[in-house]
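What follows is a set of notes on a single structure, which appears directly below.
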Amino acid sequence: MFSGVNQVRWRRILWLIVVFMVILVFLAGCARAKRIAVEVDGARRMVETEQDTVREALEQEGITLGTLDRTEPPLWEPVTDGMIIIVTRVREETEVERKVLPFSRQVLRDEALDEGETRLMQLGVNGEEEVTYLVTFENDVEVNRLPSARRVIQDPVDEIVVIGVSGTLPSVPISGTIAYISNGNAWMMRGGSGGKRPLTFTGDLDQRVFVLSPDGTQLLFSRKAESEDPESEALNSLWVVGTVLVDDEPRPLEIDDVRYAQWSPDGTRIAYSTVERISGRPGWRANNDLWIASADGEDKAEVVPASSGGIYGWWGSELAWSPDGRVFAYADADEVGVLDLSTGERQTLLDFPAYVTFG
């Protein structure tokens, strides 16, 4: 009988212990659960979670984050009761816009016109460029726009206006023709200094080639490339313009990358030497070749093939056509001589040590 009472008592005690443990577990679970708010995709939801970090709480709710999405607080922040988690959806898009490139206005002053007289030499035309933007959106609202690339579709054409001015100095008589470069353009005077006028209006003469024909009726000159990129543009191009007719249009000879050019003594041919563009300084390397072309650039013949040259050959030889048209005088860093036009062979007249500046 006593033994049965003890058993019943122990069973009650054991039952109470089990109930107490269950209550403790329940209370502990209630203590760990935290009530938080999550704002995402334009809505707010109230959440009860037992997770430890913001990342885990979002995963519990099935909220997937994109690569650029961000949260406040950060994902590693511990979750606390009453916390508000804000999810900002971030995305980037590429947009392409076309924009107008406005033309510039060049004003040239010419003493050949009456003072105050204005002449429109070239109409201005707007260009066009394509601009690529990287656009950032946060919750579908644009917050940033940055240009990431630009491409010129059409270059603008400058408007060129010539204005007559009175000369500050009296005109000086001139026998023959004088050509010169001013502000990147070719100008000429004939008969007197008061009659100067422009031959070009582009403002891009590079001064490598600038020589009048023997009779002074034509000017041979070079224009620089529009781009500084050695892989996309020639160094320059060769042009010719007449000096007799007013407003004569310059004509391209379809000859590029020219270091030297000269008229033949009779003015019917052109000699020239070319270069190769490189990325390092000075931006080109001489080919040490020699070509003869007709005055219109149509017929071309190679006299001396391209080579590396001698000492300091990358600068190229200085050349001069003889008055009889049969040979060229040449000068290198360590020798001078003549070059036979018919054979292309050199004859050294004098050699000497190359000058070294130690600079």
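Each reported figure results from applying straightforward, stated rules to the coordinates on display, with no laboratory input. Quick caveat: nothing in here was measured; it's all calculated off a predicted structure. Because the Cβ atoms are built from the backbone with ideal geometry, glycine has one as well, and the counts that use them run over all protein chains shown.
Here is how the numbers come out for the structure above:
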read-out	value
Fewest-first ranking of Thr202, Thr268, using other Cβ atoms within 10 Å as the exposure measure	Thr268, Thr202
Computed FRET value (nearest 0.05) for Arg251 with Val96, which takes r as the C-beta separation and R₀ as 51 Å	0.85
Calculated [θ] (222 nm, deg cm²/dmol) that DSSP helices of n ≥ 4 give over the chain, each run adding -39,500 (n - 2.57)	-3500 deg cm²/dmol
Cross-link reach list, lysines versus Lys300, counting only Cα pairs under 19 Å and skipping chain neighbours closer than eight places	none
Taking Val107, Val38 and counting other C-beta atoms within 10 Å, the order from fewest to most	Val107, Val38
Surrounding net charge for Asp81, when Lys and Arg each add one and Asp and Glu each subtract one, Cβ distance under 9 Å	+2
Overall form of segment 196-317 per C-alpha gyration tensor (a/c, 1.5; a/b vs b/c)	oblate
Cα-based reach from Lys99 at 29 Å (exclusive), listing lysines while leaving out same-chain residues under 8 positions away	Lys224
Proximal charge balance of Leu341 [Cβ under 13 Å; K/R count +1, D/E count -1]	-1
Contact order relative to length of segment 178-351, as percent, for alpha carbon pairs under 8 angstrom and 6 or more apart	11 percent
Cβ-placed point charges (K, R +1; D, E -1), dipole of segment 178-351 about Cα centre in debye, nearest 20	600 debye
FRET efficiency for Asp215 and Tyr355, using Cβ-Cβ distance with R0 set to 45 Å, rounded to 0.05	0.75
Net charge of Cβ neighbours under 13 Å - reference Val258; Lys, Arg +1; Asp, Glu -1	0
Rel. contact order, % - alpha carbon contacts under 8 angstrom, at least six apart, segment 92-154	39 percent
Residue exposure sequence - Ser175, Ser213, Ser294 - by fewest surrounding Cβ within 10 Å	Ser175, Ser294, Ser213
Mean separation of Cα contacts under 8 Å (6+ apart) over length of segment 84-241, as relative contact order %	19 percent
Kirkwood-based Rg to Rh ratio, the chain, C-alpha trace	1.45
Segment 92-154: C-alpha gyration tensor shape, a/c 1.5 cut-off, then a/b vs b/c	prolate
Spin-label model distance (nm) - Asp140 vs Ile292, 7 Å beyond Cα toward Cβ	7.8 nm
Alpha-carbon centroid distance for the pair segment 285-338 / segment 201-269, whole angstrom	18 Å
